[in-house]
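Before any comments, here is the structure.
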Amino acid sequence: MILKDNWLGRADRDRGRFRSFLLKSLQNFLINAAERTSARKRGGDVEFVSADDWTAEQLSRLSVRMGAFEALPPDQLFDLAWAATVAEHALRRLREECESKGKLWLFQALSPHLTKERDELSYSELSARLGVNETALRKQLHHMRQRYRNLLRTEVSQTVDKPSEVDDEIRYLCACLARATS
């Protein structure tokens, strides 16, 4: 329907973000679909697939409180799914880079700690568990965090029109994730 009816041609940069356009288009589509489903016509027994399972799968890698799914309105859930997807793409690219350098073990050990605050992490405990010098561990984690931030910035830059919008979009992404994980 998007291609046939040229929905993308209706997008206007001056009226807002493309993500907002997609969200509103999806909402309108779902309203129309609900009306068609409740209408008594031939073929009215059409069964729609729930998007809840897909959303839960996409967000499963984040430490999202289960209550957040019920508490968030659909538009915020949509934004959370967007933020999770962007963060997941950056994390996947970081994993691929580490794997190509033969450091997949380091990625697997340190990736859970990329977004933790420094006071939430016991470097001495982690270095003992990995059998790595604590100073080297700190340095590796610092470099990995920097690279993750750069990759996240690159992913976000692909979703905006102007480079000047990247910082605002990153702040919005972080706010979406923080709402769901706090």
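Brief remarks on what is shown
- Hits in the stretch 158-175 - residues which are over 18 Å from D79 (Cβ atoms) and in a helix (DSSP H, G or I): P163, S164
- Entry remark, the stretch 91-144: residues being over 28 Å from E155 (Cα atoms) and outside any helix (DSSP H, G or I) number 4 in total.
- Top-ranked residue in the stretch 71-109 [being closer than 18 Å to Q27 by Cα and of a type in the set (D, E); ranked as surrounded by the fewest Cβ atoms within 10 Å (Cβ to Cβ)]: D75
To keep it simple, each residue is scored yes or no on (1) touching a Phe, Trp or Tyr at 6+ places or on another chain (Cβ under 7 Å); (2) assigned by TED's automatic domain parsing to the domain that holds H89; (3) at pLDDT 50 or above.
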position: F18; (1), (2), (3): no, no, yes
position: L23; (1), (2), (3): yes, no, yes
position: F48; (1), (2), (3): no, no, no
position: D53; (1), (2), (3): no, no, no
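- Single match in S164, S124, S157 (criterion: surrounded by fewer than 14 Cβ atoms within 10 Å (Cβ to Cβ) and touching a helix residue (DSSP H, G or I) at 6+ places or on another chain (Cβ under 8 Å)): S124
The values are calculated or read from the model by the stated rules, or taken from the named source; none is laboratory data. Predicted model, so just to flag it, every value in this text is computed and none were measured. So basically every Cβ, Gly included, is an ideal-geometry build from the backbone, and we count neighbours across all protein chains shown.
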